[in-house]
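Asks: A single structure is presented below for examination.
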Amino acid sequence: MLKQFLNLKLSQKLSPQQIQLMKLIQLPTQAFEQRLLEEMNENPALEAGKEEDEYEKDEFENEDYDDYDDAESERIDAEDINIDEYLSNDETPDYKTQANNYSDDDEDRETPFAAPVSFHQDLINQLNTFILNDEEREIAEFLVGSIDDMGYIRRSVPDMVDDMAFTQGIYTDEKMVEKMLQVIHELEPSGVGARDLQECLLLQLKHKTPTESVALATDIIENQFDAFTKKHYDKLLQKYNVSNEQLKKGIHEIEKLNPKPGGSFTGNNKVTENVVPDFAIRIVDNELELTLNGRNAPSLHVSKDYQEMMQTYKDSRDKSAQQKDAVQFIKQKLDSAKWFIDAIRQRQETLFVTMNAIMHYQEEYFLEGDETKLKPMILKDIADMVGLDISTISRVANSKYVETPYGTKLIKEFFSEAMKNDQGEDVSTLEIKKILQNTIEEEDKKKPLPDDQLAEILKEKGYPIARRTIAKYREQLDIPVARMRKKI
């Protein structure tokens, strides 16, 4: 039996240019600047700065592009190229005249970058101040290489002895490794090279000036570490027969210590990126004003030199094969340059309209700064407002920061799901989390509130939330369980 089927399949294939535009939209300011430098290095037809001759319209903006990136496309005949398309004197695109992309406070600054010394290199430099023989230095440097970014050595001494023998050809024993560990433990920051948290805290305490409180703190970490981590303060009071105030001072000495000594090193291998706001929101005459960071609006133009090369080819009577090859290359670079300039304009427009929609959607919050005024908002809400795809809104929200009168915020933090209050009204989960956080901050730290009591309190405030939901929100806020919040 013969059957016929009609199968309709709807698919969309993004062009290489569309994919590149999506990538540009996703980049925050600093990464965008790096991408811009890369493009200018790769394409000599793209130049920064303003040209002397400027007109109101860029003829390059609205031209159709040849898909020169398509490997399947045929070679373009140099004779068919309309060279006049590439000989415009107009180098300044429209978007440079859009004042809403700039702030009066924007300044043309170049941020100096220091060449930082890495965490591990700093430790090696410190080793050079110790008098060590060749064997000791090799072992010490191996140990430094075994320290992770948080400052710990997570491997056992026997494992390191074996590893040195097999991978480095260094034959030693556990006693020598332990001896070199003592040297590592003298390095800064204090606590580096510890095998676990207990040893890390002890190393830091031993470097402190001896006092009664430091002595108590050292004894607690050395002999009552489990009771301390579980905050069994009654047991510690009974064990050491000290007053509440004395124990409090001892605990305070421990709380001042750094559990991650490597993480505090400013020259760490892990890059600490300074957040550069992509937008700024200010309140002017009780109204919100949005600006896009001027660093997202570079002044670019197509190289006049490349246009002159086109003119030379046009005026030439004898067009050799070599000249024809050259004009192919020039056309490709000019097409790429004008596309990149237009892509930057599209990126700016996308960023601005998206953030503008978010600002007006959350207008009450931006005017007052009260996080409980944040409305439930999902990506689709903004996508519908501006007529863009949800994935585009996501790219903007996930990677961009906005400077507000209340601090610099990651845009995606303004998005949240809706929940019902006891009046049946939609409220933001951000609002509930803020109330939960405030409730925990106001609790008696001697008797912290467990999750079931927190659920009852929020219910009384008009938010019927289950205990498991309280636990989920508390974890998302990075707030520990009640027992761990207990203070003396």
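Asks: Hey, what's segment 200-244 come to in accessible area per residue, 1.4 Å probe, Å²? Can you show the working numbers first?
Replies: Details: 2550 Å² over 45 residues.
Ligands and nucleic acids excluded, the result is 57 Å² per residue.
Asks: Right, next: Can you give me the long-range amide H partners of ALA194? Hydrogens built in the peptide plane at 1.01 Å from N, cutoff under 5 Å, separation of 5 or more residues or another chain.
Replies: For ALA194, the qualifying residues are ILE153.
Asks: Now for a different question. What fraction, in whole percent, of alpha-carbon pairs in segment 378-443 exceed 19 Å separation? Let's see the in-between values first.
Replies: Details: 1073 of 2145 pairs.
Looking at segment 378-443, the distances longer than 19 Å represent 50 percent of pairs.
Asks: Find the centroid of the Cα atoms in segment 359-428 and in segment 139-180, then give the distance between the two in whole Å.
Replies: Centre-to-centre distance over Cα atoms comes out at 50 Å.
Asks: Which is farthest toward the positive dipole end of segment 307-460 among GLN348, GLY369, THR429, measuring Cα position about the Cα centre, with Cβ charges +1 (Lys, Arg) and -1 (Asp, Glu)?
Replies: GLN348
Asks: Here's something else I'd like to know. If amide hydrogens are placed 1.01 Å from N in the peptide plane, which non-local residues have theirs closer than 5 Å to the one on VAL427?
Replies: MET419, LYS420, ASN421
Asks: Next question, about the same structure. Quick one: Karplus J couplings for segment 221-238, per residue in order, coefficients 6.51, -1.76, 1.60, θ = phi - 60°, nearest Hz, x for Gly and Pro?
Replies: Result, ordered by residue: 5, 6, 10, 10, 4, 5, 5, 5, 5, 8, 6, 7, 5, 4, 5, 5, 4, 5 Hz.
Asks: Once the dipole of segment 158-241 is set up with Lys and Arg at +1 and Asp and Glu at -1 on Cβ about the Cα centre, which of ILE170, SER213, ASN223 lies farthest towards its positive end?
Replies: SER213
Asks: Rg/Rh for segment 330-441 to two decimals, with Rh computed the Kirkwood way over all alpha-carbon pairs. Before the final figure, lay out the partial values.
Replies: Numbers: Rg = 17.9 Å, Rh = 15.9 Å.
Taking Rg over the Kirkwood Rh, I get 1.13.
Asks: Taking amide H atoms as placed 1.01 Å from N in the peptide plane, list the residues 5 or more away in sequence, or in a different chain, whose amide H sits under 5 Å from that of LEU46.
Replies: Those lying under 5 Å, H to H, from LEU46 are SER303.
Asks: For segment 395-403, just list the computed ³J(HN,Hα) in residue order, Karplus coefficients 6.51, -1.76 and 1.60, θ = phi - 60°, integers in Hz, with x standing in for Gly and Pro.
Replies: In residue order, the calculated couplings are 4, 5, 5, 6, 10, 10, 10, 10, 8 Hz.
Asks: With +1 on each Lys and Arg Cβ and -1 on each Asp and Glu Cβ, and nothing else charged, work out how big the dipole of segment 113-257 is about its Cα centre, in Debye to the nearest 20.
Replies: Details: 15 positive and 26 negative charges, 161 e Å.
So the magnitude is around 780 debye.
Asks: Using only the alpha carbons of segment 417-488, what is the convex hull's orientation-averaged projected area in square nanometres? Mind showing how you got there, number by number?
Replies: Details: hull surface 17.5 nm².
For segment 417-488, averaging the hull's shadow over all directions gives 4.4 nm².
Asks: Report the percentage of all Cα-Cα pairs in segment 170-266 whose separation exceeds 16 Å, rounded to a whole percent. Before the final figure, lay out each step's value.
Replies: On the way: 2708 of 4656 pairs.
Above the 16 Å cut-off, segment 170-266 has 58 percent of its Cα pairs.
Asks: Same structure again: Let's see if you can work this out: charge +1 on each Lys and Arg Cβ, -1 on each Asp and Glu Cβ, no other charges. What is the dipole magnitude of segment 348-455 about its Cα centre, in debye to the nearest 20?
Replies: On the way: 13 positive and 22 negative charges, 82 e Å.
So the magnitude is around 400 debye.
The values are calculated or read from the model by the stated rules, or taken from the named source; none is laboratory data. Note that the structure is a prediction, hence the values are computed from the model and not measured. All Cβ positions, even for glycine, are placed from backbone atoms using ideal geometry, and neighbour counts span all protein chains on display. Just the protein is used for accessible areas: all its heavy atoms, side chains included, with ligands, DNA and RNA removed. Shrake-Rupley method; radii C 1.70, N 1.55, O 1.52, S 1.80 Å.
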